[in-house]
Amino acid sequence: MSVRLHSLLLAGLCSVVMIGTASAADSITKKSGGRVSGKITGGSKTELTIKPSTTDALNVPANDLLVVDFDDATPDMKLGHADENSGRFDAALQRVTKSKTETKTDNALLKGEFDFTLARIHARIALADPTKRDDAVKQLQDFQKGNSDHFRYYESMALLGQVQLAKQDYDAARKSFDALAQSPWNESKLAAKIATGRILTGENKLDEAVTAFDDAIKSAGTGSGEMARKHEAMLGKARALIQQSKHAEALTVLDEVTLNASHEDTGLQAEAYVLQGNALQALNRSKEAVLAYLHVDILFPREAGYHAESLYNMTKLWKAVQLPERGLEAEAKLQSSYPNSEWTKKLSTVQN
């Protein structure tokens with residue numbers, strides 16, 4: 001073997017070893033940007049601590065956690081996250097459950113992450129399926145009882161409030177969002193204010209709701225988290241304006257959200273396009289409305305509740321713009337993907 005070939009083989013082997021070593025680490029991806037690899041050494045309901053190999057330990061605030069990967073978890077955990085992000089919720093549940101079963105660990109933080117991830121997927125399913133909401137509420141509450149100091153605690157409280165809102169259980173939702181407001185971050189306090197506005201909207205107290213949303217908009221700072229909450233408050237305001245038949249005013253608000261909100265915040269973007277479609281439809285601007293709903297179908301299928309609503313509206317609007325075959329496609333997708341959704345049942349009612 002030549003010296004050059006021998007050297008190349010050694011270099012290749014070293015690269016493999018280095019890649020294997022580099023991958024054998026926990027990692028945190030932050031909402032504010034950047035990824036940190038190392039060993040997760042501790043955590044609480046307000047932060048997660050990670051020790052990189054070459055620097056001092058870092059404390060990452062819990063509200064800045066986008067993705068947390070534990071090296072001890074089997075590969076199905078990451079695959080489950082990918083399925084969840086693509087809206088393949090049944091597959092996600094199977095993969096995460098499999099990883100939880102096969103991962104041998106005494107790490108309480110990882111065990112809690114398994115339980116929270118499963119509860120989060122169930123919550124996302126429940127937002128489109130009323131028959132699953134009681135179970136989602138129970139799973140989130142069970143996670144909280146067993147993980148009162150876990151870094152996902154406040155995130156789970158926000159999810160719980162959302163599911164309770166979808167159930168129109170406004171008293172329970174108020175309690176959940178009051179608990180969320182006890183967090184140390186202004187963006188979580190803003191989320192609680194926004195929830196108050198959403199509850200008032202659900203109770204048809206629309207003037208009070210708009211006031212609550214305006215208060216949250218004015219209170220938001222310029223950080224990425226608070227800007228996200230500002231955009232969420234703007235969506236709430238737009239929804240209340242639509243219910244007041246102030247459609248043009250709502251569209252002005254929604255245009256600002258779709259333009260400026262992060263495209264990584266798929267929930268915000270999906271809701272914005274649904275509301276935009278609702279307002280345009282009310283103004284008899286059918287072609288523009290169907291394009292708004294189409295954004296959700298193509299870009300944000302993981303946001304199950306908004307996706308189902310978009311499909312329902314497209315079943316009507318494709319026919320209105322002289323493309324009835326596209327309407328039948330939307331109808332078939334709605335019925336197959338969300339058989340228990342309110343929107344599927346509404347479709348059946350309209351057809352009958």
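Residues in the range 206-265 that are part of a loop (DSSP other than H, G, I, E, B) and either within 18 Å of the chain's Cα centre (by Cα) or buried (at least 21 other Cβ atoms within 10 Å of the Cβ) (or both): ALA220, ALA261, SER262, HIS263, GLU264, ASP265.
A search for C-beta distances below 6 Å between a residue of the range 93-113 that is touching a residue at least 24 places away in the same chain (Cβ under 8 Å) and any residue that is crowded, with 17+ Cβ neighbours inside 10 Å and of a type in the set (D, E, K, R), counting only pairs 6+ apart in sequence or on different chains, returns LYS98/ASP76; SER99/ASP76. Entry remark, the range 51-63: residues being at pLDDT 95 or above, under 24 Å from the mean Cα position of the chain (by Cα) and surrounded by 15 or more Cβ atoms within 10 Å (Cβ to Cβ) number 3 in total. Among the residues here, ASN340 does not qualify as open to solvent by 10 Å² or more (accessible area, probe 1.4 Å), of a type outside the set (A, V, I, L, M, F, W, C), modelled with pLDDT of 95 or more and in a loop (DSSP other than H, G, I, E, B). Does THR101 satisfy the criteria of being hydroxyl-bearing (Ser, Thr, Tyr) and part of a helix (DSSP H, G or I)? Judged against the criteria, THR101 is a match.
Matching residues to (1) within 26 Å of VAL257 (Cα to Cα); (2) in contact with a helix residue (DSSP H, G or I) (Cβ under 9 Å, 6 or more places away or on another chain); (3) surrounded by fewer than 22 Cβ atoms within 10 Å (Cβ to Cβ):
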site: LYS287; (1), (2), (3): yes, yes, yes
site: ILE298; (1), (2), (3): yes, no, yes
site: HIS307; (1), (2), (3): yes, yes, no
site: PRO324; (1), (2), (3): no, yes, yes
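The numbered conditions (1) at pLDDT below 95; (2) in contact with a Ser or Thr (Cβ under 8 Å, 6 or more places away or on another chain); (3) among the hydrophobic types (A, V, I, L, M, F, W, C); (4) open to solvent by less than 20 Å² (accessible area, probe 1.4 Å) are all true for ALA119 except (1).
The values are calculated or read from the model by the stated rules, or taken from the named source; none is laboratory data. Computed from a predicted model, the values in this text were never measured in an experiment. Every residue, glycine as well, gets a Cβ built from its backbone with ideal geometry; the counts of neighbours run over all protein chains shown. Side chains included, ligands, DNA and RNA excluded: accessible areas come from the protein's heavy atoms. Shrake-Rupley method; radii C 1.70, N 1.55, O 1.52, S 1.80 Å.
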